[in-house]
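Worksheet for the structure shown next.
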Amino acid sequence: MRKIDYLCALFVKTLAKKRKTENRQAYIMIDYIKGRLTELNPTCAVAEAAGVGYEINITLQTYTQLQGSDGQDVKLYTSEIIREDTHDLFGFLTKGERALFIMLLTVSGIGANTARMIMSAFNAAEVRQIIATGNARALSQVKGLGPKTAQRVIVDLKDKVLKIDLGEGTDANPGQDDARLFPVEDSPVKSEAVSALTMLGFNAAASGKAVDKILKQTPEATVEQVIRTALKML
């Protein structure tokens with residue numbers, strides 16, 4: 001009996017220690033949730049399955065694609081973030097997006113919210129392209145991600161990211177001109193306009209491209225003028 005008690009205590013102690021060291025890891029205990037979409041906002045979706053409403057954290061890319069699906073069945077591939085103080089679900093429309101999210105979490109200094117910000121600022125193909133081509137400048141423009149952390153992401157993942165299969169129709173050519181992502185030099189007008197459009201629920205990457213196009217045509221445009229024009233384009 002004493003031996004059994006000792007082994008049980010040792011197991012519990014080992015498990016607790018492991019949880020401490022892995023408290024920000026992502027797990028796939030629930031592969032996907034398929035249910036009726038009952039709530040949707042730019043950061044969260046609620047899917048009801050078998051009478052249970054699952055609150056699922058999402059990216060802006062997923063939000064954009066789910067718009068218009070209220071009351072319909074949706075399928076989100078999930079990843080669970082289990083920590084001592086929280087248990088969060090993150091959902092994605094494809095397994096490739098989920099794999100990219102989990103890969104970002106392996107980088108020191110990248111937590112779930114930062115990984116979600118990266119995947120909200122760009123679509124999955126663009127994230128993969130940015131990392132594969134070493135475009136630290138583009139990556140460092142994500143809110144909360146400094147140049148050092150952006151460089152760390154590239155160093156850690158550059159040789160791994162191209163192995164992720166994002167699925168047919170979502171690929172981007174890693175060798176294409178990086179300037180496509182940021183064709184217009186950053187300015188206060190651009191930053192404020194993109195920030196406002198993002199808060200309104202529009203896709204961040206699409207907003208950036210729309211603002212770039214507007215500022216190329218009318219460089220003297222004010223923030224208000226840029227936003228009004230962008231609302232007609234998005």
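No value in this document is a laboratory result; all are computed from the given coordinates. These numbers come from a predicted model, not from an experiment. As a convention, Cβ positions derive from the backbone with ideal geometry for all residues, glycine included, and neighbour counts pool all protein chains shown.
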Checklist entry - With the calculation restricted to Cα positions, what are the radius of gyration and Dmax of the stretch 95-179 in angstrom? => result 11.4, 33
Checklist entry - Using a ≥ b ≥ c from the Cα gyration tensor of the stretch 46-112 (square roots of the eigenvalues), is it rounded, prolate or oblate, where a/c under 1.5 gives rounded and otherwise the larger of a/b and b/c decides, a/b for prolate? => result oblate
Next on the checklist: I'd like the GluC sites (Glu not before Pro) in the stretch 64-116 restricted to DSSP loop residues with at most 16 other Cβ atoms within 10 Å, sorted by number.
Outcome noted: Glu84
Checklist entry - Quick one: Cα centre-to-centre distance for the stretch 200-234 and the stretch 49-98, in angstrom? => result 29
Next on the checklist: Give me the net charge for the shell around Leu76: Cβ to Cβ below 14 angstrom, other residues only, Lys and Arg +1, Asp and Glu -1.
Outcome noted: -2
Next on the checklist: How charged is the neighbourhood of Ala47? Take every other residue with its Cβ under 11 Å from the Cβ of Ala47, and add Lys/Arg as +1 and Asp/Glu as -1.
Outcome noted: -1
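What is the sum of charges around Met103, taking Lys and Arg as +1, Asp and Glu as -1, for the other residues whose C-beta is under 10 Å from the C-beta of Met103?
+3
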Checklist outcome for this item: Over 23 Å (Cα to Cα) among Lys34/Lys95; Lys143/Lys190; Lys75/Lys213; Lys75/Lys190; Lys34/Lys160 -> Lys75/Lys213; Lys75/Lys190; Lys34/Lys160
